[in-house]
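The values are calculated or read from the model by the stated rules, or taken from the named source; none is laboratory data. Because the structure is predicted, anything quoted here is derived from the model rather than measured. Here the Cβ positions follow ideal geometry from the backbone for every residue, glycine too, while neighbour counts run over all protein chains shown.
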Amino acid sequence: MASDLVRVPNVRAISDGLALICELPDKRRVGVPQGLIDPGSEVQCPGDYGVLIIPRQLARDLGVDGP
């Protein structure tokens, strides 16, 4: 369901492995399981920059779901 997804802007994918390592706008780096990245996300593989679309619960866990 689309409402269960969060759009995180200005994310850069740094590297991949078991998880895609992404740099957030605040310069924190987090691991995002590739299977949880929405197919419509601009950030899918290393070198990508743009909007990362992930499930709301993962966004909460990463601290990027707002206050």
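Within region 15-28, residues that are more than 14 Å from Leu52 (Cα to Cα) have Cβ atoms under 8 Å from residues that are assigned to a strand (DSSP E or B) and basic (Lys, Arg) in no pair, counting only partners at least 6 apart in sequence or on another chain.
Just one of Arg7, Arg60 is without any contact (Cβ under 8 Å) to a residue 12 or more places away in the chain and basic (Lys, Arg); which is it? Steps first, answer last, please.
Working: Arg7 fails: without any contact (Cβ under 8 Å) to a residue 12 or more places away in the chain.
Among Arg7, Arg60, only Arg60 is without any contact (Cβ under 8 Å) to a residue 12 or more places away in the chain and basic (Lys, Arg).
Picking from Leu52, Leu24, which residue would you name as being in contact with a Pro (Cβ under 9 Å, 6 or more places away or on another chain) and not β-branched (Val, Ile, Thr)? After ruling out the rest, the residue left standing is Leu52.
Quick grid of which residues meet (1) modelled with pLDDT of 95 or more; (2) within 17 Å of Val64 (Cα to Cα); (3) in a strand (DSSP E or B):
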residue	(1), (2), (3)
Arg7	yes, yes, yes
Asn10	yes, yes, yes
Ala13	yes, yes, yes
Ile21	yes, yes, yes
Val32	yes, yes, yes
Asp38	yes, yes, no
Gln44	yes, no, no
Gly47	yes, no, no
Gly50	yes, yes, yes
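Looking only at residues in region 34-56 that are free of Cβ contacts under 8 Å to residues at least 24 places away in the same chain and in contact with a strand residue (DSSP E or B) (Cβ under 8 Å, 6 or more places away or on another chain), the one that is surrounded by the fewest Cβ atoms within 10 Å (Cβ to Cβ) is Gly40.
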